[in-house]
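Trainee: I'd like to ask you about the structure that follows.
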Amino acid sequence: MTAEPSRATLIDGKAFAAGLVERVTAATARLQSAHGLKPGLAVVIVGEDPASQVYVRNKGERTQAAGMRSDTHRLSETTPQADLLALIATLNADSGIHGILVQLPLPSHIDTAAVLAAIDPDKDVDGFHVVNVGRLAVGLPGLVPCTPLGCLMLLKNALGDLTGLNAVIVGRSNIVGKPMAQLLLAESCTVTIAHSRTRDLPALCRTADILVAAVGRPEMIRGDWIRPGATVIDVGINRLPARDPARAAEGKTRLVGDVAFDEAAVVAQYVTPVPGGVGPMTIACLLANTYTAACRAAGVTPERLDA
Ligand code: NDP
């Protein structure tokens, strides 16, 4: 008789995110009753991209549900950059708005870097402004990009102290890979960042106690790349045709991560599923960042929200 391989424990991002949203909502209510302050988030969308429209609507609804003010500014695809910058200047000056998020991607005639640079860093709830990138790098309080912040919360909740662990991050984007590396370095992990030019990626991944996949390639990371007992955080969101050929023929899709989940689940100690792992943390951390930005604007110490 062969023993069943042991299965990794799932890191339930959906449940953790729901708890985080509850804590943000409760802290927001206390902020309002104690200080008469209602956090406000402005979301700006340029153009008609259907996926972006869905994200923006969702963000607005979730912001309101948390007891915050939510403003959505919908601009046409052909909006001149100067008009977008003028709107950002108005939002920067609005004392009722504590967070500004410009939905990406922007139309190609707009210089994304110039737009992100125009946002007041203290209202930059996406954490993409170079001032916040710098603050994170040198360990000053700032606003941290939502997805890696969510990953860190999940890791600390599963593992506790991360000191001395080997972390390998696959992906070096400004929105996930690089800030994830900074956050893990600040937790005293030994951090390696891998990318498309890395040599012998499977061998490198096998050195990881913590493996973060942020690549955008479906199921690229295989089970035999994972060190037994490692913790695997799968940031990837990729759409593949549905398994059932009839459904696939109708254009139905399924979501998969950057990690071959079924293989990882028999090797790792902890693993995040896709969907239901990192994904739900991103919006929860956006709300947390908006609450934090509002507190700081008013000189109030934010409550701890991570646990
Ligand atoms: P980017 O495309 O900006 O970056 C991908 C990174 O992966 C790059 O650094 C690239 O390397 C690296 N890469 C690509 N191919 C390989 C390869 N074969 N081997 C090793 N490294 C490789 O993606 P993002 O960081 O924006 O997103 C990554 C994934 O996370 C996507 O699936 C995205 O949908 C998802 N995502 C999920 C979020 C969530 O809320 N859960 C939020 C944000 C993203 P190089 O730099 O050398 O090109």
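A short reminder: the numbers here are calculations on the coordinates, not readings from a lab. This is a predicted model, so every value here is computed, not measured. Cβ sites come from the backbone with ideal geometry, for glycine too, and all protein chains shown count toward neighbours.
Trainee: Count charges around Arg254 for me, please; just the other residues with Cβ under 12 Å from its Cβ, Lys/Arg as +1, Asp/Glu as -1.
Mentor: +2
Trainee: Further, regarding this structure: Peptides 264-274, 18-28: what's the order by average Cβ count within 10 Å, highest mean first?
Mentor: Top of the packing list down: 264-274, 18-28.
Trainee: If I take R0 = 45 Å and measure r between the Cβ atoms of Ala114 and Asp244 in this structure, what FRET efficiency does the formula 1/(1 + (r/R0)^6) give, to the nearest 0.05?
Mentor: The computed FRET efficiency comes out at 0.45.
Trainee: Would you tally the net charge around Glu263, using a Cβ to Cβ cut-off of less than 11 Å, leaving Glu263 out, and scoring K and R as +1, D and E as -1?
Mentor: -2
Trainee: Here is a follow-up. How much FRET efficiency would the formula 1/(1 + (r/R0)^6) give for Ala137 and Ala34, where r is the Cβ-Cβ distance and R0 is 30 Å, rounded to 0.05?
Mentor: With a Förster radius of 30 Å, E is 0.35.
Trainee: Related question: Helix-derived [θ] at 222 nm for the chain: sum -39500 (n - 2.57) over DSSP H runs of at least 4, divide by residue count, nearest 500?
Mentor: Helix contribution divided over all residues of the chain: -12500 deg cm²/dmol.
Trainee: Run the reach check for Lys59 against aspartates and glutamates, Cα to Cα strictly under 13 Å, same-chain hits fewer than 8 apart removed. What comes back?
Mentor: Result set, ordered by chain and number: Asp71, Asp126.
Trainee: With N residues in the chain, what two-decimal value do you get for its Cα radius of gyration over 2.2 N^0.38 Å?
Mentor: In units of the globular-protein estimate, the chain measures up at 1.04.
Trainee: Give the cross-link partners of Lys178 among the lysines, using a straight C-alpha distance below 22 Å as the criterion and excluding same-chain residues fewer than 8 apart.
Mentor: Hits, sequence-local ones excluded: Lys123, Lys156.
Trainee: For the pair Asp224/Thr163, report the inter-label distance in nm, with labels modelled 7 Å from Cα in the Cβ direction.
Mentor: So the two model labels end up 3.8 nm from each other.
Trainee: Sticking with this structure for a sec: Hydropathy at least 0.0 by Kyte-Doolittle, axial extent at least 24 angstrom from the Cα trace: which helices of the chain, defined as entire DSSP H runs, fit?
Mentor: Counting only whole DSSP H runs, the qualifying helices are 13-35, 279-298.
Trainee: Can you figure out the FRET efficiency of Ser52 with Ser6, using R₀ = 45 Å and their beta-carbon distance, to the nearest 0.05?
Mentor: 0.60
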